[in-house]
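J.: Take a look at this one; I'll ask things after.
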Amino acid sequence: MLKKEPSILDYDTVTLLDEEDALLIIDQTKLPGKIVLKKLKTADEMWNAIYLLEVRGAPAIGVTAALGIYLLTKQVKTPRTDTTENYQVNFASLETEFEKQKKYLDSSRPTAVNLSWALRRMDKVLLSMKDRNDLLITDVKDRLRQEAESIRSEDIEVCRKIGEYGLGLLKKGDGLLTHCNAGKLATIEYGTATAPMYLGHERGYGFHIYCDETRPLLQGARLTAFELASAGMDVTVECDNMSASLMRTGRVQAVFVGCDRVASNGDTANKIGTSLLALAAKRYNVPFYVCAPTSTIDMSLKSGAEIPIEQRKPEEVTEMWYKERMAPENVKAYNPAFDVTDNDLITGIITEYGIAKESFSESLRKIFELKKKKQDSHVNNK
């Protein structure tokens, strides 16, 4: 009997190897040509993995940061023996190193809010133990591990819920278009924009999926098409500038995209090219949905104008993927990693707590009120 070749779906995007003091990631820069698993042990290795897009996607970056800061804190050698009497001195040393590594990891990618969100969440756990006199430093490290693993496990449930809400908007046989990769490779399971696709596939909906190739780094062609085809879905790749043609001919019934940050008014930062897709969808009356875990929504920002946009190297536009440079040496290249889609182009923002619609400021506020109510209820029932 022939041995089945492993699929990309057989591997986790980010895994904690606690006994080895390491993270295990899929190096996504090598896909789809080969599946390469890479161990990350140092702060530099983690920073580079995020910046170089070896691990990418807002939720996956957040999980990587949480597990990473735990491992880096775990490796800290405190100045005194680990006893309750020495706790305050040891904690001060631990906190100093934690803050240093947190700031460093947070600098790797400025647009994806899940990165800073996960690090702040870990910081909050650390600070909750600052004034204790009944703990050991090993207790602190163990609590950080628990929180990091919670962030990872919660991501799976969040994506599944987004998928259920998204699937409720669709019917069997629909054509769905997506941009970049907001799939399993950008999360731990299901993805955000692809979650309705995975759940629909499991339930026999027979979707036809169109994937923008997503210039300049081709995440749609290399990653989204790869993982969805590996799952057995009907997938077509097209160049980014072909999406309007697909919509004009009636082949697309809905657009689903992920996001890296959503402002309180619903303006959304996602992979460069998303706003053009939204404009075309508006023109051809195709519903345009943003799939956003609440961890990706930044209620402190009034609008998309306040979202920092990462600028990347010009070589990604002029040289990458080509045998020879495809632009003259004496020209510049404009290469923002993201653009902002204005809220009036968005049909709905699908979260794990429901779907926000216009007016987004009010709708998102109600979603966060519901989130707090459910979290408070969960705490009270413990």
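Values in this text are rule-based calculations from the coordinates and carry no lab data. Small disclaimer: the values here were computed from a predicted structure and weren't measured. Neighbour counts are summed over all protein chains in view; Cβ atoms, including those assigned to glycine, are modelled from backbone coordinates with ideal geometry.
J.: List the trypsin sites (Lys or Arg not before Pro) within the range 1-94 that DSSP assigns to loop and that have no more than 13 neighbouring Cβ atoms inside 10 Å.
T.: Numbers: sites: 3, 4, 30, 34, 38, 39, 41, 56, 74, 77, 80; in loops: 3, 4, 34, 41, 56, 77, 80.
For trypsin sites (Lys or Arg not before Pro) across the range 1-94 that sit outside H, G, I, E and B with at most 13 neighbouring Cβ atoms in 10 Å, the list reads 3, 4, 34, 77, 80.
J.: From a point 7 Å beyond the Cα of residue 133 in the direction of its Cβ, which residues of the range 57-85 have a backbone N at a distance under 11 Å?
T.: 85
J.: Rounded to whole Å, give me the distance from the Cα center of the range 140-208 to that of the range 46-68.
T.: If you average the Cα positions of each part, the centres end up 18 Å apart.
J.: HN-Hα J couplings of the range 287-301 from phi, Karplus 6.51/-1.76/1.60, θ = phi - 60°, integer Hz, Gly and Pro as x?
T.: Ordered by residue, 3J(HN,Hα) equals x, 10, 10, 9, 9, 9, x, 4, 5, 9, 9, 9, 6, 7, 9 Hz.
J.: Sort 328-341, 183-196, 116-129 for me by packing, meaning the mean count of neighbouring Cβ atoms within 10 Å per residue, highest on top. All intermediate terms of the calculation are to be shown ahead of the outcome.
T.: Details: 328-341: 14.4, 183-196: 28.6, 116-129: 18.1.
Most protected by this proxy first, the peptides run 183-196, 116-129, 328-341.
J.: In whole Å, what are the extents of the range 171-260 along the principal axes defined by its C-alpha atoms, from largest to smallest?
T.: Computed over the Cα atoms, the extents are 30, 28, 22 Å.
J.: Cut-off 17 Å, label point 7 angstrom out along Cα-to-Cβ of residue 76: give me the residues of the range 99-113 whose amide nitrogen falls inside.
T.: Taking a point 7 Å out along Cα→Cβ of residue 76, the residues of the range 99-113 whose backbone N falls under 17 Å are 99-106.
J.: Which order do 51, 70, 165 fall in if you start with the one that has the fewest other Cβ atoms within 10 Å?
T.: Lowest to highest Cβ neighbour count: 51, 165, 70.
J.: Rounded, prolate or oblate: pick one for the range 85-192, where a ≥ b ≥ c are the square roots of the eigenvalues of its C-alpha gyration tensor, a/c under 1.5 means rounded, and failing that, prolate if a/b is larger than b/c, else oblate.
T.: Prolate shape, in that a/c is at least 1.5 and a/b is the bigger ratio.
J.: The range 292-321 to the range 243-269: how many Å between their Cα centroids?
T.: Spelled out, the Cα-based centre of one part sits 16 Å from the other.
J.: To continue, here is another question. Structure shown: which of 282/366; 74/103; 38/102; 30/161; 41/100 lie over 20 Å apart, alpha-carbon to alpha-carbon?
T.: Numbers: 282/366 26 Å; 74/103 17 Å; 38/102 22 Å; 30/161 30 Å; 41/100 16 Å.
Checking Cα-Cα distances, 282/366; 38/102; 30/161 exceed 20 Å.
J.: Something else: With +1 on each Lys and Arg Cβ and -1 on each Asp and Glu Cβ, how big is the dipole of the chain about its Cα centre, in debye rounded to the nearest 20?
T.: Roughly 520 debye for the chain.
J.: Can you bin the range 166-380 into rounded, prolate or oblate? Criterion: square roots of the alpha carbon gyration tensor eigenvalues sorted a ≥ b ≥ c, rounded for a/c under 1.5, prolate for a/b above b/c, oblate for the rest.
T.: Cα axes put the range 166-380 in the oblate bin.
J.: At 222 nm, what helix-only mean residue ellipticity would the chain give, in deg cm²/dmol to the nearest 500, using -39500 (n - 2.57) for each DSSP H run of four or more?
T.: For the chain, the value works out to -12500 deg cm²/dmol.
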